[in-house]
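*Asks:* Got a structure here, written out as structure tokens. Questions coming.
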Amino acid sequence: MAIQQFSRSLPMMLYRTLDAVMPRFRSIFNEFGLTEQQGRVLRVLWEVDAIPLRELAEFTLIPAPSLVGVVDRLAKAGLVVRRRSEQDRRNVFVAATRAAGDLQEPVMQQVGRAYAELKQSVDPEVWEQLLAGLEQVSRLSQKQPNRSASP
């Protein structure tokens with residue numbers, strides 16, 4: 001089997017795509033005093049009332065040890081609160097505060113504009129195929145044991 005040309009390998013294509021896409025989202029979050037990871041956490045918390053820390057790690061793709069620090073900084077800024085489960089004290093739930101809720105509309109308006117710009121740069125059919133293809137590839141990690149990818 002022939003090995004994919006390095007510049008056209010999936011990992012390199014994904015890295016280049018992230019480099020093209022993420023700066024616009026990082027700048028939005030930075031405008032509101034947030035890091036990219038903090039923005040990801042708030043995006044999840046704006047959709048749920050409260051979520052266990054381990055599930056938040058899965059949704060945001062932030063490893064649990066790193067997520068603890070992200071949540072610590074958000075809590076210090078008054079944007080999230082933690083609550084221990086009364087049924088199982090090992091479970092810690094994280095929820096957005098009113099201050100975080102006040103950020104939702106202005107942040108999401110800008111995020112929506114960024115998405116609109118991205119979508120306008122690609123044919124609509126290609127956009128949908130891209131999302132479907134990425135979803136299909138990302139599901140592979142659920143079927144196989146974790147293996148290190150070689151760019």
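Quick note: the coordinates plus some simple rules give every number you see, no bench work behind them. Since we're looking at a predicted model, the values are computed, not measured. Every residue, glycine among them, receives a Cβ derived from its backbone with ideal geometry; neighbour counts consider all protein chains shown.
*Asks:* Using Cβ contacts closer than 10 Å as the measure, can you line up Ser138, Ser66 from fewest to most?
*Replies:* Values: Ser138 9, Ser66 12.
Fewest-to-most Cβ neighbours within 10 Å comes out as Ser138, Ser66.
*Asks:* Also, I was wondering about something else. Expressed as an acute angle from 0 to 90° and rounded to the nearest 10, what is the orientation of the C-alpha long axis of helix 124-138 relative to the principal long axis of the chain?
*Replies:* 70
*Asks:* I would also like to ask the following. Using alpha carbons only, how many degrees (0 to 90, rounded to 10) separate the axis of helix 98-120 from the longest principal axis of the chain?
*Replies:* Helix 98-120 and the main axis of the chain meet at about 10 degrees.
*Asks:* Non-local amide H neighbours of Val80 (under 5 Å, H modeled in plane, Pro and chain starts lacking H): which ones?
*Replies:* Distant-sequence amide H within range of Val80: Ala75, Thr97.
*Asks:* Could you please report the charge total around Pro106, scoring K, R as +1 and D, E as -1 over all other residues with beta-carbon less than 15 angstrom from its beta-carbon? Present the calculation step by step, with values, prior to reporting the outcome.
*Replies:* Working: positive: Arg43, Arg98, Arg113; negative: Glu31, Asp102, Glu105.
Charge balance near Pro106 sits at 0.
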